[in-house]
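Undergrad: Mind looking over this structure? Questions follow.
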Amino acid sequence: MKAWLARAAANTVLRGENPRNRIARWSRWWSKTPTIDASRFQGRGEPHPRHWRRVPQPWPELDADDPAVRETLADAIEELPRPWRDVVIARDVEARTAGETSERQGVTPAQQRAMLNRARARLRERLAARVAGDEG
């Protein structure tokens, strides 16, 4: 354990970063709330912990050429934090690979994957609200 900690500290110094600043820099992009509301899943005392409490209903077919759907999606993308927006555009619009996106964004593959998953979840929530008619 001491050897690992020493290597981590040495690598941090070599990169010229303060570990606290580095963590703070990335953590501000992650939302404070879970990607999906925890109340939608069964708890520890229930028969199937961490499984859906009630399976979500399938969405009706959406037309990608529908201007309202496009506008909803464009607005949702604009509301994403900048790093998330850059990652989701690179991966889903420009069809870049995970490795290429990570390198271009200056993040690790794990960080890139986390940002992509959270961004996609936010976009799904906005589209779900539109399908349910909760959006004005």
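Undergrad: Of the residues Val107, Val131, Val87, Val69, which single one is of a type in the set (Val, Ile, Thr), on the phi < 0 side of the Ramachandran plot and either outside any helix (DSSP H, G or I) or in contact with a strand residue (DSSP E or B) (Cβ under 9 Å, 6 or more places away or on another chain) (or both)?
TA: Answer to the check: Val107.
Undergrad: Can you tell me which residues in the range 90-104 are outside any helix (DSSP H, G or I) and among the hydrophobic types (A, V, I, L, M, F, W, C)?
TA: If the condition is that a residue be outside any helix (DSSP H, G or I) and among the hydrophobic types (A, V, I, L, M, F, W, C), then Ala95 is the only one that fits.
Undergrad: Report yes if Thr101 is farther than 18 Å from Ile36 by Cβ, within 21 Å of the chain's Cα centre (by Cα) and surrounded by 15 or more Cβ atoms within 10 Å (Cβ to Cβ), otherwise no.
TA: Working: farther than 18 Å from Ile36 by Cβ: yes; within 21 Å of the chain's Cα centre (by Cα): yes; surrounded by 15 or more Cβ atoms within 10 Å (Cβ to Cβ): yes.
Yes: the conditions hold for Thr101.
Undergrad: While we're on this one: Of the conditions (1) in a helix (DSSP H, G or I); (2) surrounded by 11 or more Cβ atoms within 10 Å (Cβ to Cβ); (3) free of Cβ contacts under 8 Å to residues at least 12 places away in the same chain, Leu116 fails just one. Which one is it?
TA: (3)
Undergrad: Follow-up question, since we're still on this one. Quick one: Arg54 ticks every box in (1) outside any helix (DSSP H, G or I); (2) among the basic types (Lys, Arg); (3) modelled with pLDDT of 90 or more except a single one, so which number is it?
TA: (3)
The values are calculated or read from the model by the stated rules, or taken from the named source; none is laboratory data. This structure is a prediction, so every number in the text was calculated from the model and none was measured. FYI the Cβ positions are ideal-geometry reconstructions off the backbone, even for glycines, and counts take in every protein chain you see.
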